[in-house]
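Peer 1: The structure follows.
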Amino acid sequence: MGLGRTGTATLAGVLAVVISPAPAPAPAQVAGPLCGASFLPESPNETYQQAFERVNGYYRLESVRVFYTLPKPWPGKVDAGRRPLTVSFKAAPKDILAGRHDAHFRTWFADAPRDVDVNWTYFHEPEDNIARGEFTAADYRAAWRYLHRLAAAAGNPRLHPTLILMDWTVDPRSQRNWRDYYPGDAYVEVLAWDAYNQVTGVTRRYRPAEEIFGRVVAVSRDAGKPFAIAETGSAIAEGDDGRGRAAWLRQVTDYLTRHGARWVQYFDIDFRAQGHSDYRLRDAASQRAWREFCAR
């Protein structure tokens, strides 16, 4: 989750708690996307590994989303077994380009498992950082290409370079061009997106899946790249007992399955302290919907 989703935060408005009709189906794919989640410890004594085991107990996850500054030595802060991982990390582009982290990343890429798919991401959601002047889009793209060369040197076909951007970036109202952040076809295997029902404020409706994901599906298709959803979620809407959100989750996962997403990872985190929403699925109906997606 990025901290500057300013445009998206205003999109959901004050509307009734309803589920809009599902859009017309797209061509079906043979295999559906992997279900997944991101999570955090929820008590002072809970470790990250224990948080994974708790959330895995809710849903029986097929993949796991992990965030770092610099990635920790393998297996990192969670041992998820043979589940595919989406791992994002952050370092200033100028430090990457100066070679300050070369030894760290050479070792990390070389030691990555060869029996697990690792979808690695350099600096997910860079858009607002670039808009704030923390670094330039040109330096970001160059740092991506630099890291790609380090990863390629490991000779591990299970390492998949994955660019993660915000869905807001492909909304015309953002006045952004997603290709400003794109290092090039040769450097990205999967386009992944963070796309939410609503980020801040009181949630009063669940937007239809096409409204949330339609643009990212189209952009990925036009780019000729497979796509995935690295973060999605919704707070429970005002007046909902969970059944409305459960219906929305089913609509979302059906839509993304029909459109060929590689994986869909739920942001199962209370992010209110960061000015956002509590996205956790803690009501029985919502948990059941995500568990059914994982079990389909």
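Peer 1: How far is helix 48-59 tilted off the main Cα axis of the chain, in degrees rounded to 10, range 0 to 90?
Peer 2: Taking Cα atoms only, the helix is inclined about 40 degrees.
Peer 1: Ok, one more. Which trypsin sites (Lys or Arg not before Pro) in the stretch 107-162 pass both tests, a DSSP loop state and at most 12 other beta-carbon atoms within 10 Å?
Peer 2: Values: sites: Arg114, Arg132, Arg141, Arg145, Arg149, Arg158; in loops: Arg114, Arg132, Arg158.
Taking the stretch 107-162 and a limit of 12 other Cβ atoms within 10 Å, the loop trypsin sites (Lys or Arg not before Pro) found are Arg114, Arg132.
Peer 1: Place a +1 charge on the Cβ of each Lys and Arg in the chain and a -1 charge on the Cβ of each Asp and Glu, then give the dipole magnitude about the Cα centre in debye, rounded to the nearest 20. Don't skip to the end; give the middle numbers.
Peer 2: On the way: 38 positive and 34 negative charges, 68 e Å.
Dipole about the Cα centre, nearest 20: 320 debye.
Peer 1: Related question: Would you kindly give the portion of the calculated P(r) for the stretch 87-215 that falls above 17 Å, as a percent of all Cα pairs? Don't skip to the answer; put the middle values down first.
Peer 2: Details: 5051 of 8256 pairs.
Looking at the stretch 87-215, the distances longer than 17 Å represent 61 percent of pairs.
Peer 1: Nearest 10 degrees is fine. How inclined is helix 284-295 to the longest principal axis of the chain, computing both from alpha carbons?
Peer 2: For 284-295 against the chain, the angle is about 50 degrees.
Peer 1: A follow-up question, please. Fewest Cβ neighbours within 10 Å first, please rank Ser88, Ser234 accordingly. Don't jump to the answer; show the numbers that get you there.
Peer 2: Working: Ser88 22, Ser234 27.
Least to most surrounded, the residues fall as Ser88, Ser234.
Peer 1: How tilted is helix 209-223 with respect to the longest principal axis of the chain? Cα atoms for both, answer in degrees (0 to 90, nearest 10).
Peer 2: 30 degrees
Peer 1: Relative contact order of the chain: what whole-number percent is it, with Cα pairs under 8 angstrom and at least 6 residues apart?
Peer 2: On the way: 557 pairs, mean separation 78.5, N = 296.
Once normalised by length, the contact order is 27 percent.
Peer 1: Going by how many other Cβ atoms sit within 10 Å of their own, how do Arg204, Arg179, Arg65 line up, fewest first? Please report the intermediate quantities before stating the final value.
Peer 2: Numbers: Arg204 17, Arg179 13, Arg65 26.
Neighbour counts put them in this order, fewest first: Arg179, Arg204, Arg65.
Peer 1: Positive end of the charge dipole of the stretch 31-295 (Lys, Arg +1 and Asp, Glu -1 on Cβ, about the Cα centre): tell me which of Ala230, Pro183, Phe271 has its Cα farthest that way.
Peer 2: After comparing all options, I get Pro183.
Peer 1: Of the DSSP beta bridges with both residues in the chain, give the percent that are antiparallel, rounding to the nearest 5. Could you put the intermediate results ahead of the total?
Peer 2: Values: 1 of 32 bridges.
Close to 5 percent.
Peer 1: Additional query: Using a 10 Å cut-off around each Cβ, can you sort Arg291, Arg282 from fewest to most neighbouring Cβ atoms? List each step's numbers first, then the result.
Peer 2: Numbers: Arg291 17, Arg282 12.
Ranked by crowding around the Cβ, least crowded first: Arg282, Arg291.
Peer 1: With 23 Å as the cut-off, how large is the P(r) tail for the chain, expressed as percent of Cα-Cα pairs?
Peer 2: So the portion of pairs separated by more than 23 Å is 54 percent.
Peer 1: Within the stretch 43-72, whose backbone N sits under 18 Å from a point 7 Å along Cα→Cβ of Gln274?
Peer 2: Taking a point 7 Å out along Cα→Cβ of Gln274, the residues of the stretch 43-72 whose backbone N falls under 18 Å are 43, 48-49, 51-52, 64-72.
Peer 1: Still on this model: Answer with one residue from Phe67, Gln50, Ala151: the one whose Cα lies farthest towards the positive end of the charge dipole of the chain, charges on Cβ with Lys, Arg +1 and Asp, Glu -1.
Peer 2: Ala151
None of the figures in this text is laboratory data; all of them are computed from the coordinates on show. Note that the structure is predicted; figures quoted are calculated from it, not measured. Neighbour counts are summed over all protein chains in view; Cβ atoms, including those assigned to glycine, are modelled from backbone coordinates with ideal geometry.
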